[in-house]
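Here is the structure we will look at.
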Amino acid sequence: GHYVPQLAKLIFEKNNGTENPTINLKGFVVGNAVTDDYNDYLGTFEYWWSHGLISDSTYLNLKKTCLFDSSEHPSPECVKNLNLASSEEGNIDPYSLYTKPCNSSASLKLGLGGRYPWLSRAYDPCTERYSNIYYNLPEVQAALHANTTGIKYPWKTCSDIVGSYWADSPRSMLPIYHELIAAGIRIWVFSGDTDAVVPVTATRYSISALKLPTLMNWYPWYDHGKVGGWSQVYKGLTLVTVAGAGHEVPLHRPRQALILFRHFLKDTPMPTQ
């Protein structure tokens, strides 16, 4: 949600005034993307509450203590309520709300023995655990030319150390969106609707905050006669949801993700039948 629009802005600025740019940027697509701290918080708390994951009191307290905080550096009071929410949610897979979480060492051993999600075409909730093991193997790090300085702590999918010292993270990508839309850069945003980490409600609030004119109002899109999700086309931006997909849409719904990418590349709205 941050890397792609910020990189697109940099490419656009470097291309500006160049007759034949090296990178011929026409547009970009992002999925389940962190976009704007205030609206992401608002939509995330609403998603948790409306899906029965947290109590009424925690929902209200989260809105009181977190909405105006930085998502990267929340206040102690906000952290307290976020931890309470996590406790109320229990042992779930927040990246795929209706998937059984990875909580069994036996299933981990089975997975490492050859059950790969890219072969089975199924989401494996233990993928993160596999990666933590794999990327900390000395031979893997040597092959990747990683950790050449001999850092003592292990590699993690999300580094608390990096997060703690990341002081210049913008709170919002909306100004960049406005700038790139005005420049004619085509933007598509998609959202798997079973993701509780960057949920569809957060994305909708963030896009709504752009206040773009609507060209095609909210409608269902179809895959072989079945609803694949919903979409709305704005001037300069298209929003697409993917039904039943978690945080990583191509992993959860590869066929529907392919339809989405094809329509993005063709610059045509999602199919209405």
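Observations on the structure shown:
- Cross-link partners of Lys64 among lysines (Cα-Cα below 24 Å; sequence separation of 8 or more within a chain): Lys80
- Dipole in debye (nearest 20) - the chain, about Cα centre, beta carbon charges: Lys, Arg +1; Asp, Glu -1: 720 debye
- Computed from the Cα positions only, the extents of segment 124-218 along the three principal axes stand at 53, 31, 24 Å, in decreasing order.
- Dipole of the chain, positive end: most advanced residue of Leu210, Ala245, Thr65 [Cβ charges, Cα centre]: Ala245
- Extension gain for Ala146 to Leu258 (0.36 nm times residue separation, less C-alpha to C-alpha distance): 37.1 nm.
- Annotation: cysteines of the chain without a disulfide-compatible partner (Cβ-Cβ under 4.7 angstrom) are Cys158.
- Computed with a 1.4 Å probe over protein heavy atoms only, the accessible surface of the chain comes to 57 Å² per residue.
- Highest average packing first - 226-233, 200-207, Cβ atoms within 10 Å: 200-207, 226-233
- Cα gyration tensor shape for segment 1-112, rounded if a/c is under 1.5, else prolate or oblate: oblate
- Considering only Pro175, Pro271, Pro125, and ranking their Cα positions along the charge dipole of the chain that arises from unit charges at the beta-carbon of Lys, Arg, Asp and Glu, the one farthest toward the positive end is Pro271.
- Equivalent ellipsoid semi-axes, segment 115-273, via Cα gyration tensor eigenvalues times 5, rooted, Å: 34, 23, 14
- Carbon and sulfur %, accessible surface of segment 126-165 computed with the full protein complex present, 1.4 Å: 63 percent
- Per-peptide average of other Cβ atoms within 10 Å, ordering 152-161, 9-18 highest first: 9-18, 152-161
- Comparing mean-square fluctuations of Leu60, Leu144, Leu84 from a GNM of the chain with C-alpha springs under 10 Å, the top value falls on Leu144.
The values are calculated or read from the model by the stated rules, or taken from the named source; none is laboratory data. Since the structure is predicted, the reported quantities are computational estimates derived from the model, not experimental observations. Every residue, glycine among them, receives a Cβ derived from its backbone with ideal geometry; neighbour counts consider all protein chains shown. Accessible surface is based on the protein model in full, side chains and every heavy atom, while ligands, DNA and RNA are left aside. Shrake-Rupley method; radii C 1.70, N 1.55, O 1.52, S 1.80 Å.
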